[in-house]
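Please read the structure below before turning to the comments.
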Amino acid sequence: MFRKLLIANRGEIACRIIRTARDMGVATVAVYSDVDADAPHVALADEVVAIGPAPAHESYLVADHILNAAKQTDVEAIHPGYGFLSENADFADAVRSAGLIFVGPPTQAIRDMGSKDNAKAIMENAGVPVTPGYYGSNQTEQTFRKIADDIGYPVLLKAAMGGGGKGIRAVKSPDEFSDALSSAIRESEAAFGDGRMVLEKLIQQPRHVEVQVFADSHGNAVHLFERDCSLQRRHQKVIEEAPAPGMSDALRARMGDAAVTAAKAVSYENAGTIEFLLDADEDFYFMEMNTRLQVEHPVTELITGQDLVAWQLRVAAGEALPLNQEALSINGHAMEARLYAEDPAKGFLPAPGPLHHLVFPSESRLVRIDTGVVEGQEVTADYDPMIAKVITWGEDREAARSNLIGALGDTEVAGTAVNRDFLIALADHPEFVDGKPHTTLIDRLPDDFTNVATPLSTAALSLAGLHVMATRQADAQSRVRRFGDPASPWHRTDGWHLNDGAHQDIRMQDDEKERSLHVHEDDNGWDFSDGEGHWLVSDAKRDGNRWTADVDGVRVSGSAVEAVTGQLNIFQGTHAWRLTLVTALSGSGNTDGVSPALTTPMPGKIVAVHVTDGACVRAGDLLVVLEAMKMEHAIKAPVDGTVLAVHYGVGDQVDEGADLIDFEGM
């Protein structure tokens, strides 16, 4: 085994690799960009090296910076993690040319499988079933259109060198083809430096089932069973599970054998994943091979009891696979949900921002948290907005699902929007509960499904009221310490009023609705009323942000977090609310006279502008395309109207909230 390893990555996967390396007695070196100087993966490593500014193309994607760091720290091996340079054959070559071990497959296997068109041809020759489509070198629109006409719509355009859901467009009709092709090429060039496309028949409501494979340099190859990754949004996985629900032993064996055949066809070594589409008739088709460790590898680890990173390091060091196929078995069920800084109510736009408050459930045999951020850190627009992977295990699928919902409910994030409540709702969707996931499930959800906000409950109102009263009490005590005279009526917090009964009034904004609480204290506790009803809150106890209290005789608990003054987050059960506390001095701003404008929903770069000053547009017309966090986001006309002025051009960097276009609706 080598003695020192450099991890050419960041975030949770860097932390994950460092922990296993440490357990194996391997020293670790972390690299970091300027914005990651205080990141957890930097703190975990034995040595660290700065490699450049925040943009990935100036740091984590610069092979020379990584290799210089390796030379500087005298490492023997480099683990690329996933993303960034992990499937870059030139980088793997450069690592090996420098006399270092690349923790991954042979370079030729990366090249063979990194190009979707070439990979499909290899799989066909090996007897692995592939999806009907076009994987050739003639990249003209005319060629793609002809193939699409021949195999029939809908079709799927995919980046030939792609992955991670980027450079993919579903095309339902010929009218959509040109825009979809140009957009997919543009996104592919931005993400992978290569705009080549493949075209496939779009299989209706398939399942995405992938098989974890492993091979060594001694001719051994095995599979570690399958994962179902069908719950996807914009071709990016949301919830994954292992094993796949409803898989017969015969189908599992067929897919496993096909996956091992695929790996052997390219003389594979180390960890890899063969991704298949599975239709309702239990026919499956090769999609692609990921020549690296997958984001969702923890679910395989939980059902097999194996540490896949440890396997990677051992195989890279020249050892044989730790186990053969007969020694591998499935124990229980595991699920993983990807917790992102994104806003489901705004079309899942990434939501970079500060993590003022971050709490995860305690880890145990049933719950695992893989994260690369800590409270107080900023989720920046420079990288993928993942906060954590919440992973659970159970004796069976229902136990794993129940544990996942519970673990997500025990996860608290304040400071930026997150998809936590959406994940909870998705894990409780009837089709998922019944073990019938498919890749179009999320796309077919009603529009209001993403608006998962629950009406503010009596329990949540009570927790908010208790927090405000406690805060007022603490403020009063602070004033007494500063100014003295504890008998002054101005320092009282019991709701004393001249010529009125003792009470407190609390006002808060819940989305667009203002809520007012009227609280009277008596010998039994506090009498709460909100204009719609009243209830008794008693026996309240506080432990940090956590409250427990009896609400009309029912014991409730939850957290009240005011990480930013005036912004109150309530976490109660599997629901969360963000409230704005209204003071006597606050009021609504006057927006009269402000010119109507279309603003940027997030920081990014303008990659396309489709209108000019004075243009008349229809509702839904594409106006501007913004690139942020490696994805394209379309800015469309909200209604019929006129473009009064366009303020930015292609290539311009824009901040969140910047006025892109002055717009006048009809």
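Summarising the label geometry, the points placed 7 Å from Cα in the beta-carbon direction at V480 and R578 lie 3.6 nm from one another. In order along segment 145-153, phi translates into HN-Hα couplings of 4, 5, 4, 4, 5, 5, 8, x, 7 Hz, rounded to whole numbers, per the Karplus curve 6.51 cos²θ - 1.76 cosθ + 1.60 with θ = phi - 60° and x for Gly and Pro. Note on H520 and V564: with the Förster distance fixed at 25 Å, the Cβ-Cβ geometry gives a FRET efficiency of about 0.30. Projecting the Cα positions of P55, Q204, V556 onto the charge dipole of the chain (unit charges on Cβ atoms of Lys, Arg, Asp and Glu, taken about the Cα centre) puts P55 furthest along the positive direction. Extension gain, D64 to A615: 0.36 nm times the residue separation minus the Cα-Cα distance gives 193.7 nm.
Using all Cα-Cα distances in the chain, what percent lands in each 20 angstrom bin from 0 up to the longest? The distribution over the chain is 16, 47, 29, 7, 0, given as percents.
Compared with the alpha-carbon gap, the fully stretched path from A327 to N451 is longer by 40.0 nm at 0.36 nm per residue. Each Lys and Arg contributes +1 and each Asp and Glu -1, all at the Cβ; summed about the Cα centre of the chain, the dipole is approximately 1240 debye. Of the cross-linked pairs K4/K237; K120/K605; K71/K116; K146/K201, those separated by over 24 Å at the C-alpha level are K4/K237; K120/K605; K71/K116. Rg and Dmax, both from the Cα atoms of segment 332-452 and both in Å, are 14.4, 39.
Divide the volume of the convex hull of the Cα atoms of segment 88-198 by its number of residues and quote the answer in cubic angstrom per residue. Display every interim value, and only then the final one.
Values: hull volume 12.3 nm³, N = 111.
Taking the convex hull of the Cα positions in segment 88-198, it is 111 Å³ per residue.
Model label sites at E431 and Q204, defined 7 Å from Cα along the beta-carbon direction, differ in position by 1.3 nm. Model label points for E395 and Q653, set 7 angstrom from Cα along the Cα-to-Cβ axis, are 5.5 nm apart.
Helix 397-409 axis versus longest C-alpha principal axis of the chain: approximately 50°, rounded to the nearest ten. Angle of helix 458-483 to the longest C-alpha principal axis of the chain, folded into 0 to 90 degrees and rounded to 10: 60°. If the segment from A50 to M24 were pulled out straight at 0.36 nm per residue, it would be longer than the present Cα-Cα gap by 6.8 nm. From helices alone, the chain scores -7500 deg cm²/dmol at 222 nm; the rule is -39500 (n - 2.57) for each run of n ≥ 4 DSSP H residues, then divide by the residue total. Exposure proxy for C616, C15, C229: other Cβ atoms within 10 Å of each Cβ, ordered fewest to most, give C616, C15, C229. Can you give the FRET efficiency for D527 and Q473, using 1/(1 + (r/R0)^6), R0 = 22 Å, r = Cβ-Cβ distance, to the nearest 0.05? It comes out at approximately 0.80. The longest part of the chain holding none of the exposed loop GluC sites (Glu not before Pro), meaning those outside H, G, I, E and B in DSSP with at most 16 other Cβ atoms within 10 Å, is 1-281.
Readers should treat all values here as calculations from the given coordinates under stated rules, not as data from a laboratory. Predicted model only: the values in this text are computed from it and were never measured. Because the Cβ atoms are built from the backbone with ideal geometry, glycine has one as well, and the counts that use them run over all protein chains shown.
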